[in-house]
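Read the structure below first, then the notes.
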Amino acid sequence: MIFPFILTGCGIYSFTGTTLPSSIRTFSVQEFFNDTDGGPPNLGLTLTNEMRDYFQSNSSLTLVQEEGDLQFEGGIIEYRLTPVAPTNTGTGINNITSSSVTRLTIVVRAAFTNTVDETQSFNRSFNFYADFNSVTETLNDAENRLIETIFEQIILDIFNASVAVW
């Protein structure tokens, strides 16, 4: 038998994994800016919208335009391509080294303010990467898929650091 008091608890845990006091009801996400020379022009807006959607879907918080109980702002501070797996494409004097795998790394600086408990606030960087085979596809072919994968992980990391503090 499940006892009712086990499910009611003290009102700070939900089955979505958030650990917020019941006094926190709203959140706001200011548009994240793209402070890099790389990536699509709408990169910051994409991150902002995906963050808003994720928090709405995975918490009981209500999105407000500004001054939420929880506030997020920041920017994309790095968009970097790095060769990962060098390959030889020639022999002898014409020995040319290129990369068959390229890594896209994105770094996001996020400032989080918890207006109810300032000790939970932070200003820190989150990063993630995804690789693509640069022999069989170009960055233009892979970019949307890579960005989606990278943003999913960065948003999860921001969510866990801010509202799912274990």
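For Glu78, the conditions (1) of a type in the set (Asp, Glu); (2) at pLDDT 95 or above; (3) more than 15 Å from Phe32 (Cα to Cα) are fulfilled apart from (3).
Considering each residue of region 107-118 in turn, at least one proves to be among the hydrophobic types (A, V, I, L, M, F, W, C), at pLDDT below 95 and touching a Pro at 6+ places or on another chain (Cβ under 8 Å).
Table: residues versus (1) without any contact (Cβ under 8 Å) to a residue 60 or more places away in the chain; (2) of a type in the set (Val, Ile, Thr).
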site	(1), (2)
Leu104	yes, no
Thr113	yes, yes
Gln120	yes, no
Phe128	yes, no
Thr138	yes, yes
Glu143	no, no
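When region 18-39 is filtered for residues that are part of a loop (DSSP other than H, G, I, E, B) and under 27 Å from Thr138 (Cβ atoms), the ones remaining, listed by number, are Phe32, Asp35, Thr36, Asp37, Gly38, Gly39.
The values are calculated or read from the model by the stated rules, or taken from the named source; none is laboratory data. Everything numeric in this text was worked out from a predicted model, so none of it was measured. We place every Cβ from the backbone using ideal geometry, glycine too, and count neighbours over all the protein chains shown.
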